[in-house]
Each structure stands twice: as structure tokens, then as C-alpha cells.
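A short write-up of the structure that comes next.
Read-outs throughout are calculated quantities, based only on the coordinates presented, and are distinct from any laboratory measurement. From a predicted model like this one, the values you see are computed outputs, not experimental measurements. Every residue, glycine as well, gets a Cβ built from its backbone with ideal geometry; the counts of neighbours run over all protein chains shown.
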Amino acid sequence: MNKDQDLPLRNDIAARFVPKIIILMVYLGTLCSTFTFFMIHSTLLWEEKLATHLSIEIPFFSDSSSNDLQTQVTDLLQKTPGINKVEVVSKTEMKTLFNSLLGEGTSVDAFSLPAIVDVSLNKRDAFNVENLEMRLKNISPLIQLIDHRLWQSQVSNLLFTTTSLALFLTFLILCSTLVTTFFATRTSLLIHRKIVEVLSLIGATPSYIAKQFQRNTFKQGFFASSIGAFLAFLTFLGIYFLFEKAGHTFVVTTSFFFEVLAIFILAPFITSFFMMLSARRAVMKALCS
């Protein structure tokens, strides 16, 4: 028997229907995967650069008492267990921050800017913020302590939820592709039922028939997946250049781009492989039941 001509699978209804669905599924799946990796890299980079856990505001006074308060606060912080780093925000950074919020033409010299002390904590040690705040209030009741860990935890949970949702959507798209392949193969098997019966009568085994379906499905899946991945890659490049043109760069490491390329390259192979397995399962289940 000629394995390439026993079943005219390239001309049936399923062969014309499945590739269009696969192109759309792979297009959406690769974009979801790219978004997932983008969120993972952005989260890791954000957590790496976000080293400030507490901020302490020391009020400004016209006399020299402000400097004395700042010295007392820094001495207290440096002697407190569980604190990794104490850094006083410079006046230049304060002016840059206010100019970015209020505009470049704003004269910040007219404001009585407080002194800001950034504090980094040792994450492995438990830290009592209430005790530190009480000791700071003993120095001056006007000193304010701001704990950033609450909103940092909320942002981390939001990023984790978004990443998990993107992974779940990618998984659903893959499952939808496999289900579509399974039922399309069953439909194709029904269309060529008479030919399959003749092949069985002359000695063709279910495994032999299944190989023809899975070989044809792999070819169709790889071709359609390649088109979908290529369109998704063009979409990714378009989004990237739009962000660049708007002045918003992707704040990720260079390894992100290599992972994105790997997604677009591997997507056709992975999709067509699982489609081939789904087609084989559909045929074997129908012929051996």
C-alpha cells in the first residue's frame, strides 16, 4: 500500500476547516505566552529594584534642629536589628521628584521639603514596625513612618494573579486546539469510512491507519501553526515599535527577547506534535472500540 495515497485526507472538509482554526489558536496562544513571560520578567525586575521597604519623613525647621533630628534618626536606624540599609534621599533627588510631579517650571525652593530616609529591611528577619515608630515618636512626634510593604504585597499579588490568568488562558487555548483536532479527525474518519473499511479488510491495522491521520495532521498543524506564530511575531514587533515610538520602552532584561523568539520558533513544533497525538488517539479510540 502506498501510505501517501490510501486516504485522500487533504481534500476533505476537515482539512479545509482545521488549519484556519489552528492559525487563530496559535496566534492567540503565542501572544498569551509572550504576555506571560513579559509579566514574569517585569515582576522579577521590579522586585529586584524595589529595595525600599520603609520611608521616614523628618519635618523641616528653620533652625538647625532639622539636622539634629536627622542625625538622631539615622543613628537609631543604624543600631536597630533587622535593617539592612539606611539612605538619606538627597535634595537633588527630592527636587527631581517634585519637578516630575508639578512640572519643570515649579520652584521647589519655596517649599519646606522634609528630609526623607529610605530604609531597606532584611526579609529573613521579623521586624516590629510599631516598636520602631514608637521610638521615632520619642525623638519627635512630628516624624512620620511610611510602610511600603502593604502596597508592595498587593502589587505582587496582582502581578501573580495576572500571570496565572495568562498561563491559564494559554492552557485553555492549547486544550481547545487539541479538542478541535480530536473531533475533526473523528469527522474525517467518518467521511472516509468506506475506504477505512476496505483497508481493514485487506489487512491494514488500526495503527497503520492512525499513522496516516497523524502524519497528515502533523503537516497541516505545522503549516497552520507556523502562519499563526509568524502573525503573532509581527503583532509583537508592532506593539514593541508602538511603545518605542510613544517613548515607553520594555523594562525587561535582554533574555526576555530570546525567550520570546524561542516561543515563536517552538510553537509550531509543540502544537503540531500534540495535534498529532490527539489525532492518533481519536483514530485508535474509534477503530479499537
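Long hydrophobic helices in the chain: the complete DSSP H runs spanning 27 Å or more by Cα along their own axis with mean Kyte-Doolittle hydropathy of at least -1.0 are 13-49, 149-191, 206-245, 255-288.
Modelled spin labels at T162 and L190, positioned 7 Å past Cα toward Cβ, are 4.4 nm from each other. Relative protection proxy for 26-32, 172-178, from highest mean packing down: 26-32, 172-178 (other beta-carbon atoms within 10 angstrom). I want to make sure I understand the PRE zone here: with the label point 7 angstrom from the Cα of T80 toward its beta carbon, which residues in segment 119-138 have backbone N atoms less than 12 Å away? Residues 119-122, 127-138 qualify, since their backbone N sits under 12 Å from the label point. Springs between alpha-carbon pairs under 10 angstrom, Gaussian network model over the chain: which of I22, I139, I209 fluctuates most? Its mean-square fluctuation being the largest, the pick is I139. Taking a straight Cα-Cα cut-off under 19 Å and skipping sequence neighbours fewer than 8 places away in the same chain, no lysines fall within cross-link reach of K95. Structure remark: mean-square fluctuation, Gaussian network model of the chain, C-alpha springs under 10 Å; the largest value among S200, S164, S188 belongs to S200.
Between R16 and E57, what length in nm is gained on full extension when 0.36 nm per residue of separation is reduced by their alpha carbon distance? Before the final figure, lay out each step's value.
Numbers: separation 41, 0.36 × 41 = 14.76 nm, distance 6.79 nm.
Result: 8.0 nm gained on full extension.
As a rough footprinting exposure proxy, the listed residues D68, D125, D147 were ranked by other beta carbons within 10 Å of their own, and the order from fewest upward is D125, D68, D147. The slack in the chain from L45 to Q72, taken as 0.36 nm per residue of separation less the alpha-carbon distance, amounts to 6.3 nm. No solvent, one uniform scatterer per C-alpha: report log10 I(q)/I(0) for the chain via the Debye equation at q = 0.09, 0.15 1/Å, two decimals. These q points yield log10 I(q)/I(0) values of -0.66, -1.11. Too long at a 26 Å Cα-Cα cut-off: which of K194/K285; K49/K91; K49/K137; K79/K137; K20/K245? Long pairs (Cα-Cα over 26 Å): K49/K137; K20/K245.
With contacts taken as Cα pairs under 8 Å and at least 6 residues apart, the chain reaches a relative contact order of 34 percent. Counting charges near G221 (Lys, Arg +1; Asp, Glu -1) among other residues having Cβ under 13 Å from its Cβ returns a value of +4.
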